[in-house]
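Comments concern the structure below.
The values are calculated or read from the model by the stated rules, or taken from the named source; none is laboratory data. For clarity, every value in this text was computed on a predicted model and none was experimentally measured. Cβ placement follows ideal geometry from the backbone for every residue including glycine, while neighbour counts extend to all protein chains displayed. What goes into the accessible areas is simple: the full protein's heavy atoms, side chains included, and nothing from ligands, DNA or RNA. Shrake-Rupley method; radii C 1.70, N 1.55, O 1.52, S 1.80 Å.
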Amino acid sequence: MLVLTDLTRFNDSDKVCMALLDEDDCTCYRPLPYENLDFVEFRNIRPGIIVSADVIPHENPDSPHVEDCAFENDVWLDCVDEQTFKDLLERSAVDSIEEAFEGIVTPKNRCVPVESPCSRSIRTIRINPKSVSVSVVNSGEDVKLRLAFTDKAGETFRLTPISDLCFHRMAMEYVQQGRMDELEALLAGGEEVYIRAGLSRLYKSKNGKQGFWMQANGVYIFPGYYQS
């Protein structure tokens, strides 16, 4: 059984990247090509949904995006319950960003270089529940949200881009309605928190640095994740 964990948004298109975990061994799969928002909304696709599919791995996928594959005969079913979803995240999780990305990604370096990529591009990280916060960054006419968190190894990461489609939508509603205090209270109420940290496709920053950049592909706060 495959369970969808990640619905990743793009800033400049209506495409959506999905990632799923195999319930048996926590192997991660990323089906390509990307779907679009219409498909996601029509099928009511959301984290926790069960998928039955024939998985066709890509031959010789480029690191770090070894999760790339194709789905055939896919059938989208109901969601697992919240406890089952949390347990799956827990079984796939590590305690630190350092462990997840082989020491390459640190609070001072969010970019994995092209010439020495790590072995995987998406990992589940256990987070200190009281450390999660969202900040607003004004960039011209755009409002951008950034995530701060401390992993269980004690390393703090600030100003992390939020690519989680569902969490970004929820947080943006609070921001646009001037309810940041309520959002902060919601985030502070978590007893267990996980982040799906992902590496972008190859990207060159404004200062010319090129590589695979860390972002928050998924943010999960328990209990009550399905109600948030």
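Miscellaneous remarks
- Calculated log₁₀ intensity ratio I(q)/I(0) where the Debye formula runs over C-alpha points of segment 176-228, q = 0.15, 0.20, 0.26, 0.31 Å⁻¹: -0.63, -0.79, -0.96, -1.17
- Modelled label reach - N109, point 7 Å along Cα→Cβ, segment 190-228 residues with backbone N closer than 15 Å: 209-214
- Computed about the Cα centre, the dipole magnitude for the chain is approximately 1100 debye when only Lys and Arg (+1) and Asp and Glu (-1) carry charge, each at its Cβ.
- Inter-part distance where segment 4-24 and segment 184-228 are each reduced to a Cα centre, Å: 12
- Choice from Y194, Y29, Y174 showing the highest fluctuation, given a GNM over the chain with Cα pairs closer than 10 Å: Y174
- The chain: most fluctuating residue of E155, E182, E99 per GNM, C-alpha cutoff 10 Å: E182
- Cα-based Rg of the chain normalised by 2.2 N^0.38 Å, two decimals: 0.97
- In segment 10-139, the DSSP beta bridges split such that about 75 percent are antiparallel, to the nearest 5.
- Percent carbon-and-sulfur accessible area, segment 157-228, ignoring ligands, DNA and RNA, probe 1.4 Å: 50
- Annotation: extensible slack from D87 through S63 equals 5.9 nm (criterion: 0.36 nm per residue apart, minus Cα-Cα distance).
- Derived scalar couplings between HN and Hα for segment 170-187 equal 4, 5, 5, 4, 4, 5, 5, 8, x, 10, 4, 5, 5, 5, 4, 5, 4, 5 Hz in order, rounded to whole Hz, by the Karplus curve 6.51 cos²θ - 1.76 cosθ + 1.60 (θ = phi - 60°), x for Gly and Pro.
- Ranked by the mean number of other Cβ atoms within 10 Å per residue, highest first, peptides 33-41, 163-171, 78-86, 201-209 order as 163-171, 78-86, 33-41, 201-209.
- Furthest towards positive pole of dipole, T27, G103, T5, structure part the chain, Cβ charges: G103
- Inverse mean reciprocal Cα-Cα distance (Kirkwood Rh) of segment 1-83, Å: 13.2
- Taking every DSSP beta bridge that has both ends in segment 2-222, the antiparallel portion is near 90%.
- Pairs over the 28 Å Cα-Cα cut-off, from the set K108/K206; K15/K86; K108/K144; K15/K206; K15/K108: K15/K108.
- For segment 127-134, putting each phi into the Karplus relation 6.51 cos²θ - 1.76 cosθ + 1.60 with θ = phi - 60° gives couplings of 10, 4, x, 8, 9, 7, 8, 10 Hz, in residue order, rounded to whole numbers and with x for Gly and Pro.
- MRE, 222 nm, helices only [DSSP H, n ≥ 4, -39500 (n - 2.57), over the chain, to nearest 500]: -5000 deg cm²/dmol
- Highest-MSF residue in the chain out of L88, L77, L145 [GNM, Cα springs under 10 Å]: L77
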